[in-house]
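The structure appears right after this line, and notes come after that.
The values are calculated or read from the model by the stated rules, or taken from the named source; none is laboratory data. Note that the structure is a prediction, hence the values are computed from the model and not measured. Cβ placement follows ideal geometry from the backbone for every residue including glycine, while neighbour counts extend to all protein chains displayed.
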Amino acid sequence: MTKLLHHLGLYFIMMKKVISIPEKWSVFRKQLVLEIEKVGLNSVGLVIILSFFVGAVISIQTAFNMSSPLLPSYLVGLASRDSLILEFSPTMISLILAGKVGSSIASEIGSMRVTEQIDALEIMGINSASFLIFPKIIAAIFFFPFLIILSMGIGIIGAWVGGLSADVATADFIGGLKYEFNPFYITYAVIKTVFFAFIISSVSAYYGYHTKGGAIAVGKSSTTAVVSSSILILLFNYLLTDIILS
Amino acid sequence: MIEVRNIEKHFGNNYVLKNVSFIFEKGKTNLIIGESGSGKTTLIKILIGLHKIDSGAVLFDGINFNAIKTKEQRILRQEIGMLFQAGALYDSMTVEENIMFPLSMFTDKTEEEKLNRVNFCLKRVNLEGKNNLLPAELSGGMTKRVAIARAIVMQPKYLLCDEPNSGLDPKTAIIIDNLIQEITKEYNITTIVNTHDMNSVMEIGENIAFINHGEIWWSGNKDELLNSENTELNNFVFASKLFKRLKQEDEKC
């Protein structure tokens with residue numbers, strides 16, 4: 001418990017330093033573009049592959065479990081849509097991004113810490129926490145929702161392809177997609193994603209920024225960052241779902 | 001000039017610095033020497049504000065670093081150039097970007113002006129034309145020289161060097177030592193070098209502080225060092241057979 005409070009204290013102290021007006025906007029803009037590429041664009045391929053195949057598997061499994069003639073086949077489209085929009089795209093993709101992006105952030109900042117690059121920034125008179133972490137958080141908050149919306153679209157295409165192989169007619173599948181569609185589901189998914197993006201970028205940066213030691217410590221920070229971010233994502237997933245949907 | 005007054009620092013129950021007072025003079029290469037674990041790295045980290053002191057004061061030309069606001073400390077830090085033991089160059093940036101970085105952060109110079117300044121600094125450290133290399137492509141000596149170029153790009157008033165010769169062969173070490181001394185004289189800045197390399201001491205030691213068990217046991221210049229009667233200092237400086245023999249020959253003369 002004491003350890004948890006210690007980490008929380010350090011986290012909030014760091015965040016107070018992070019959230020500050022950039023020292024030079026032209027440098028911040030350059031950093032932001034770089035971070036959008038590292039944090040967001042480099043994950044597009046992974047998101048597309050995962051979403052397509054998971055979408056396909058969801059629809060095949062749904063079709064397999066709805067073999068009763070009493071159940072309409074448009075249910076495959078409906079179930080795939082809701083599974084992808086409500087849970088898979090925002091939560092599962094965020095968990096995967098916690099692994100990919102989170103470990104990358106923690107190890108990058110951790111390496112800079114152990115090789116005194118962060119000290120060099122401080123000595124130059126630069127707020128190192130803000131300079132290194134703020135662009136990553138902004139990039140994640142703004143880019144992750146696009147990734148999640150992309151995931152929904154590709155996932156649905158995957159579900160359609162999977163549905164075809166399970167003999168679900170395209171017209172039935174599209175009917176299921178449209179059936180009682182509530183656009184708020186997308187807003188809900190985006191709200192969750194924004195929270196998850198903040199958790200992934202800030203928690204991973206926290207572990208990287210407070211790395212002490214050498215190469216082993218960098219690896220440990222990276223692992224701890226992924227584990228902590230994943231647990232927090234699951235916890236906030238529950239809390240946000242409870243707050244928003246109920 | 002940098003002055004430390006009655007500095008005390010401890011980590012837990014371990015006292016690292018005890019009542020340390022010293023004046024690092026302007027226009028001279030000031031050396032902090034001592035065994036590993038004697039407290040010299042802690043002292044240099046205190047000077048640059050990476051460690052907070054328990055008591056005492058650090059004065060940069062009369063300005064008490066610990067008594068001013070964080071924002072003012074940041075401005076003061078822009079006048080300090082620091083050379084880290086391993087260089088601490090930014091991995092993702094080229095040599096040119098590394099040196100240009102402080103200029104981009106703190107000045108409104110045009111790209112052309114910044115590039116001219118970078119090229120001037122690279123020329124000063126004999127690395128002309130190496131602009132587009134990445135830190136991973138540099139040798140140990142080149143890394144140190146790029147770090148020196150980055151440290152002087154903002155024309156600092158103070159240059160702090162943490163073991164600049166570690167990991168370098170004796171010939172390159174002398175080149176780095178001489179470069180540091182030349183820059184000190186050329187820009188008339190206060191330079192502090194933290195070292196346990198006796199070649200450096202004999203080469204550039206103009207104002208030396210010997211730290212032992214967290215206290216300053218001796219101070220003077222390289223000539224005074226040779227004639228010192230301080231046993232602890234002699235045990236440290238003349239630990240190698242070569243230096244012992246040199247001292248004996250010096251005494252015979």
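Which of the residues that make up the stretch B:16-38 are over 13 Å from B:E163 (Cα atoms), surrounded by fewer than 16 Cβ atoms within 10 Å (Cβ to Cβ) and hydroxyl-bearing (S, T, Y)?
Of everything in the stretch B:16-38, just one residue is over 13 Å from B:E163 (Cα atoms), surrounded by fewer than 16 Cβ atoms within 10 Å (Cβ to Cβ) and hydroxyl-bearing (S, T, Y), namely B:S21.
Out of the residues in the stretch B:101-130 that are on the phi < 0 side of the Ramachandran plot and assigned to a loop (DSSP other than H, G, I, E, B), which is farthest from the other protein chains (Cβ to nearest Cβ)?
Result: B:E128.
Of the residues A:R81, A:R113, only one is basic (K, R), within 14 Å of another protein chain (Cβ to nearest Cβ), under 30 Å from A:S228 (Cα atoms) and over 17 Å from the mean Cα position of the chain (by Cα); which?
Within the list A:R81, A:R113, the selection yields A:R113.
Can you spot a residue in the stretch A:173-193 that is more than 16 Å from A:I85 (Cβ to Cβ) and in contact (Cβ under 8 Å) with a residue 60 or more places away in the chain?
yes
With the requirement that a residue be surrounded by 19 or more Cβ atoms within 10 Å (Cβ to Cβ), away from every other protein chain (no Cβ under 12 Å) and of a type outside the set (F, W, Y), what does the stretch B:39-66 give you?
Residues satisfying the conditions are B:G39, B:K40, B:T42, B:L43, B:I46, B:I53, B:V58.
Collect the residues in the stretch A:92-116 that are of a type outside the set (G, A, S), over 16 Å from A:I141 (Cα atoms) and crowded, with 24+ Cβ neighbours inside 10 Å, keeping them in residue-number order.
Matches in the stretch A:92-116: A:I109, A:M112.
When the stretch B:123-152 is examined, which residues are found to be aliphatic (A, V, I, L, M) and in contact (Cβ under 8 Å) with a residue 60 or more places away in the chain?
B:A147, B:I148, B:A151, B:I152
Can you tell me which of (1) in contact (Cβ under 8 Å) with a residue 24 or more places away in the chain; (2) outside any helix (DSSP H, G or I) is the one A:L32 doesn't meet?
Here A:L32 meets the rest and fails (2).
Could we say that B:K9 is more than 14 Å from B:T191 (Cα to Cα), touching a strand residue (DSSP E or B) at 6+ places or on another chain (Cβ under 9 Å) and modelled with pLDDT of 90 or more here?
yes
Okay, residues lined up against (1) touching a helix residue (DSSP H, G or I) at 6+ places or on another chain (Cβ under 7 Å); (2) of a type in the set (A, V, I, L, M, F, W, C); (3) within 19 Å of A:G99 (Cβ to Cβ):
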{"position": "A:V39", "(1), (2), (3)": "yes, yes, yes"}
{"position": "A:S43", "(1), (2), (3)": "yes, no, yes"}
{"position": "A:F53", "(1), (2), (3)": "yes, yes, yes"}
{"position": "A:I60", "(1), (2), (3)": "yes, yes, no"}
{"position": "A:L70", "(1), (2), (3)": "no, yes, no"}
{"position": "A:Y74", "(1), (2), (3)": "yes, no, no"}
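Looking at (1) within 26 Å of A:Y185 (Cβ to Cβ); (2) in a helix (DSSP H, G or I), which is the one condition that is false for A:P72?
Single failed check for A:P72: (2).
Just to verify a result, which residue in the stretch B:68-100, among those that are crowded, with 22+ Cβ neighbours inside 10 Å, more than 8 Å from every other protein chain (Cβ to nearest Cβ) and within 24 Å of A:Q31 (Cα to Cα), is modelled with the lowest pLDDT?
Filtering the stretch B:68-100 for residues that are crowded, with 22+ Cβ neighbours inside 10 Å, more than 8 Å from every other protein chain (Cβ to nearest Cβ) and within 24 Å of A:Q31 (Cα to Cα), the one modelled with the lowest pLDDT comes out as B:G87.
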